[in-house]
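Quick notes on the structure that follows.
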Amino acid sequence: MKLYNGDCLEVMKKLPDNSVDSIVTDPPYGLKFMGKKWDYEIPSVEIWQEAIRVLKPGGHLLSFGGSRTYHRMAVAIEDAGFEIRDQIMWVYGSGFPKSLNIGKSVDKLQGNEREEQDERGGAIQKGSVAWSGNDRSGGKGSGFKEKFVDTKGSSPYEGWGTALKPSHEPICMARKPLSESTIAENVLKWGTGGINIDGSRVEVDDSEKESFAKEWDREQSQSAEKGGVAMNKGLMARDLNEFRPQGRFPANFIHDGSDEVVGLFPDSKSVQGKNVSRKELPNIAMSGKNYERFNEVEGYTDSGSASRFFKTCPYEEGEGASFTYQAKASKRDRDGSTHPTMKPTKLMQYLVRMFTPKGGICLDPFMGSGSTGKACKIEGFDFIGIELDAEYCKIAEARMANIQEILL
């Protein structure tokens, strides 16, 4: 783990050509978020040119962006010489809306009185208060605990605002051009160019595994009865474990598993694959072939929320949520929720695992409080982190040291 406190452009200039395997970063979005000076501009083309120089041919760059300024970041990355390969969408339910109440502003401008209300929209007695914040209970996850009173006016602009609740952040998925003629040749030379599909599959839960197991058991039994063969249940169980599906193919959509996001998906039943019928599955398994074709066509026999088709990376206890208010961290939780745009550790683990080869080095030019480095430590990758703010750099160092103690 190498951490640098300094300007990423200057630090990267000291790194050798073709020396890192992946870049996973959460740079400034250029939104002037919470008045932070570091968020006044998006990274320049010059910064991305240094990034592509130190990245191995075929190596991937993953860069988070803001919904309003993503286009500027993606163009700068492309102008630096990267190939834009895809856009991964990170969707969450914890966003905090920052919308101006136009009706209230108009009433203030015109000197109109407003009716005081409780959080359910009913009139309240004078002097009563309600909790403000992301959760008005003032408890866990409330964001902050400032007291205020809701009001309602009668102007034609009541109910109008200026912004939507933020619920997603796009991730630019780019790749440095290959140095070899084919992907296979490039992977053999540099170890980069591909995506760790099997290491990034969407987990199949117990109910889905049970559903598949029962159907396979039925198919095997029917086949044996027709052929007059007595099935060895012990052998059958062993084969079942060996050929059970690994998980669904990873998608360019990841969510936090919150009720707000899961509730957007309808309940559905998986449709059997068109390329592999159920009757073929036992024969495929018994012939010693794997289930790759089966996995690709999503031939699971399960039902539930369609959100199960996508990777879930929830926030862990003590982690901050993107675009929510975060007070300055206390000494006690210095290794937890400290950065105002912190990403879930599980999300960063998933991303570094997907694009960093075994034993590889991952670079984060905008380290912040060290979420990428923490993820690399957990996943067993080497890490180079660069951060301009000395305080965040200390926090990142402490968070990674804690992980090291846990691993030891």
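What to note about this one:
- Among residues of segment 175-201, those that are in a helix (DSSP H, G or I), touching a helix residue (DSSP H, G or I) at 6+ places or on another chain (Cβ under 8 Å) and over 25 Å from ILE88 (Cβ atoms), counted: 0
- Long-range neighbours under 9 Å by Cβ, at least six apart or interchain, first residue surrounded by fewer than 14 Cβ atoms within 10 Å (Cβ to Cβ) within segment 157-183, second modelled with pLDDT of 95 or more and part of a strand (DSSP E or B): PRO177/PRO57; PRO177/GLY58; PRO177/GLU83; ILE183/GLY58
- Any hit, segment 379-386, residues being on the phi < 0 side of the Ramachandran plot, under 16 Å from the mean Cα position of the chain (by Cα), surrounded by fewer than 20 Cβ atoms within 10 Å (Cβ to Cβ) and in a helix (DSSP H, G or I): yes
- Tally of residues being farther than 13 Å from MET400 by Cα and outside any strand (DSSP E or B) across segment 350-378: 13
- Flag for PRO170 being modelled with pLDDT of 80 or more and in contact with a helix residue (DSSP H, G or I) (Cβ under 6 Å, 6 or more places away or on another chain): yes
- Filter pass, LYS126 being loosely packed, with under 15 Cβ neighbours inside 10 Å, outside any strand (DSSP E or B) and modelled with pLDDT of 70 or more: no
- Residues located in segment 387-408, provided they are outside any helix (DSSP H, G or I) and modelled with pLDDT under 90: LEU408
- Members of segment 8-56 found to be loosely packed, with under 13 Cβ neighbours inside 10 Å, at pLDDT 95 or above and in a helix (DSSP H, G or I), listed by number: GLU10, GLU46
- Among (1) in contact (Cβ under 8 Å) with a residue 24 or more places away in the chain; (2) farther than 24 Å from PRO314 by Cβ; (3) not charged (D, E, K, R) - the single one ALA398 does not satisfy: (2)
The values are calculated or read from the model by the stated rules, or taken from the named source; none is laboratory data. The structure presented is a predicted model; accordingly, all values stated were derived computationally and were not measured. Glycine gets a Cβ as well: all are built from the backbone with ideal geometry, and neighbour counts include every protein chain shown.
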